[in-house]
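Colleague: My questions all concern the structure below.
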Amino acid sequence: MASEPKTLLEAIQYFSDAENCRQFMISIRWPDGIVKCPYCGKENPAWMPKAKLYFCSAKHEKQKFSLKVGTIFEESPIRLEKWLPAAWLIVNCKNGISSYEVARAIGVTQKSAWFMMHRLREALAGAGITVKMGGPDREPIEIDETGVGPLPHRMHRSRRLKLQTAITQRTHKVQVMGMLDRETRQVRAQVIPNVKRETLQNVILNHIEGGATIYTDQFNAYDRLPAAKEFIHETVNHMQEYVRGQVHTQGIENFWSLLKRTLRGTYVAVEPFHLERYVAEQVFRFNNHATKENPLNDSDRFIVAMMQVVGKRLTYAELTGKQSERPAN
Ligand SMILES: [Zn+2]
């Protein structure tokens with residue numbers, strides 16, 4: 001096997017070889033190198049090189065299976081030789097990439113590229129959220145929320161009219177809440193249904209350890225956090241000051257500007273329904289950018305992302321709310 005790729009060009013060349021794709025998938029799915037049947041768990045199914053499928057000798061349905069089964073690639077007609085370079089592109093581009101660019105780079109239709117990118121974003125979501133952030137004697141957590149709205153000038157007239165109605169009803173902006181851990185420099189962010197006290201505080205309780213120091217602006221939904229959790233809550237008044245010594249929310253605000261720049265520059269029209277996945281992509285990019293302490297390169301970042309593809313799936317029906325129109329390629 002040739003050595004693993006370090007650049008986009010090497011990745012495209014490397015993954016154009018089906019055997020390299022197979023070995024790569026084995027290495028991320030089974031670190032011990034032993035392939036296991038996704039249906040019954042039996043080890044070492046037979047590899048059928050012509051069909052490019054495995055065969056499990058245990059008696060059950062679907063004895064033949066590909067390495068895509070049980071991953072976000074399951075049931076996709078697109079080969080791993082295209083999926084893997086597409087994943088490389090999306091995790092390593094600095095400011096986002098459009099489905100048109102991906103389509104051109106790997107040779108699929110724009111519609112297929114759009115679908116592939118949403119599946120990949122789904123895989124990037126929820127990375128490393130098994131433990132809470134912060135806690136006593138740790139650096140503070142910055143918390144903030146922002147509204148993400150559509151761009152009327154980019155819209156077709158019929159959508160603009162719908163937007164007008166939404167503005168009248170004050171439902172045109174989707175709210176996103178974010179938290180930046182100053183100790184680990186990691187961000188978590190999610191779409192929230194509203195900015196009520198209960199909603200914001202539930203997110204805080206789900207993600208932040210009691211006793212943590214938290215910084216917010218003076219939005220009153222952050223007041224009266226449960227006393228039992230012993231949060232140390234400091235606020236900055238954005239009407240008078242942006243920074244009060246250490247007390248500010250500029251880290252998370254920087255994240256918002258990166259998110260909005262990506263949405264504006266690359267993703268022409270983002271439906272609120274899809275925003276969660278664009279946020280996940282930006283969180284992944286922010287949390288996995290190279291720093292002095294954490295000098296990740298493109299190859300490392302790709303592997304971090306690919307470790308998450310196992311066990312995650314997003315079907316076209318879930319994505320579009322439609323049952324038909326599966327893109328073939
Ligand atoms: Zn089996």
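The values are calculated or read from the model by the stated rules, or taken from the named source; none is laboratory data. Predicted model only: the values in this text are computed from it and were never measured. Neighbour counts run over all protein chains shown; Cβ positions are idealised from the backbone, glycine included.
Colleague: So Leu9 passes all but one of these: (1) under 23 Å from Ile78 (Cα atoms); (2) free of Cβ contacts under 8 Å to residues at least 60 places away in the same chain; (3) surrounded by 13 or more Cβ atoms within 10 Å (Cβ to Cβ). Which condition number does it fail?
Modeller: It fails just one condition, (3).
Colleague: Scan region 24-40 for residues that are surrounded by 13 or more Cβ atoms within 10 Å (Cβ to Cβ) and more than 14 Å from the ligand (Cβ to nearest atom) and report the count.
Modeller: Summing the residues that are surrounded by 13 or more Cβ atoms within 10 Å (Cβ to Cβ) and more than 14 Å from the ligand (Cβ to nearest atom) in region 24-40 gives 7.
Colleague: Anything in region 21-37 that is out of contact with any Leu (no Cβ under 9 Å at 6 or more places or on another chain) and under 23 Å from Ala86 (Cβ atoms)? List them, or say none.
Modeller: Within region 21-37, Gln23, Ser27, Ile28, Trp30 qualify.
Colleague: List pairs: first in region 50-75 and in the same structural domain as Phe115 (by TED's automatic domain parsing) and on the phi > 0 side of the Ramachandran plot, second more than 10 Å from the ligand (Cβ to nearest atom) and not in a loop (DSSP other than H, G, I, E, B), Cβ under 7 Å, 6+ apart or cross-chain?
Modeller: Lys52/Ala18; Gly70/Val310
Rundown of residues vs (1) crowded, with 21+ Cβ neighbours inside 10 Å; (2) within 26 Å of Leu9 (Cβ to Cβ), yes/no style:
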{"position": "Lys42", "(1), (2)": "no, no"}
{"position": "Ala46", "(1), (2)": "no, no"}
{"position": "Lys50", "(1), (2)": "no, no"}
{"position": "Tyr54", "(1), (2)": "yes, no"}
{"position": "Ala58", "(1), (2)": "no, no"}
{"position": "Ala86", "(1), (2)": "yes, yes"}
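Colleague: Restricting the search to region 57-116, which residues are under 21 Å from Ile28 (Cα atoms), of a type outside the set (A, V, I, L, M, F, W, C) and assigned to a helix (DSSP H, G or I)?
Modeller: Answer for region 57-116, where residues must be under 21 Å from Ile28 (Cα atoms), of a type outside the set (A, V, I, L, M, F, W, C) and assigned to a helix (DSSP H, G or I): Glu81, Lys82, Pro85, Asn92.
Colleague: Which members of region 195-237 meet the condition of being closer than 24 Å to Glu183 by Cβ, β-branched (Val, Ile, Thr) and surrounded by 15 or more Cβ atoms within 10 Å (Cβ to Cβ)?
Modeller: Across region 195-237, the qualifying residues are Val203, Ile204, Ile208, Thr213, Ile214, Thr216, Thr235, Val236.
Colleague: Restricting attention to region 295-303, does a residue exist that is exposed (fewer than 13 other Cβ atoms within 10 Å of the Cβ), at pLDDT 75 or above and in a loop (DSSP other than H, G, I, E, B)?
Modeller: Yes, region 295-303 contains at least one residue that is exposed (fewer than 13 other Cβ atoms within 10 Å of the Cβ), at pLDDT 75 or above and in a loop (DSSP other than H, G, I, E, B).
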